[in-house]
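As structure tokens, the structure follows; a few thoughts come after it.
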Amino acid sequence: MTHPRKSLDTVIHAPVRFSIAAALASVDEADFQTLREAIEITDSALSKQIALLEQADYVKVRKGFVGKRSRTWLSLTGKGRTALTRHLEALREIAAGELLEPP
């Protein structure tokens with residue numbers, strides 16, 4: 001039997017990236033500002049983490065304008081949803097504590 005920790009996704013496992021993926025999983029799309037406020041992080045820290053998630057093809061970034069103001073919208077890709085689901089399954093297996101045989 002392989003330990004479930006080996007199924008943890010190293011991209012999503014970091015607390016901020018995990019928070020981003022989990023928040024985006026509950027919506028089709030979120031604007032940058034709303035996501036930043038929801039996970040209580042600075043613009044620069046969120047930008048850095050989004051870039052890592054985008055490189056892994058877990059998050060899609062869409063830029064546009066609302067009036068004359070530029071806006072950034074973020075969404076979780078299919079690959080990102082699958083990775084988050086597998087990561088959560090591995091965490092549940094670990095948390096269940098059923099790895100040891102009873103005495």
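Nothing in this text is a laboratory measurement; each read-out follows from the coordinates by a stated rule. Since the structure is predicted, the reported quantities are computational estimates derived from the model, not experimental observations. So basically every Cβ, Gly included, is an ideal-geometry build from the backbone, and we count neighbours across all protein chains shown.
Estimated from helices alone, the mean residue ellipticity of the chain at 222 nm is -16000 deg cm²/dmol (sum of -39500 (n - 2.57) over DSSP H runs with n ≥ 4, per residue). A simple charge model with +1 on the Cβ of Lys and Arg, -1 on the Cβ of Asp and Glu and nothing else charged puts the dipole of the chain at about 520 debye relative to its Cα centre. Within the chain, antiparallel bridges make up roughly 100 percent of the DSSP beta bridges whose residues both belong there.
Starting from the Cα gyration tensor of the range 4-94, take the square roots of the eigenvalues, sort them a ≥ b ≥ c, and report rounded, prolate or oblate (rounded when a/c is under 1.5, otherwise prolate if a/b is larger than b/c, else oblate). Cα axes put the range 4-94 in the prolate bin. Under the shape rule built on the C-alpha gyration tensor, where the axes satisfy a ≥ b ≥ c, the range 13-57 is rounded, since a/c falls short of 1.5. Please give me, ordered by residue number, the trypsin sites (Lys or Arg not before Pro) of the range 5-103 that lie in loop per DSSP and have at most 15 other Cβ atoms within 10 Å. Sites meeting the loop and neighbour criteria: 68.
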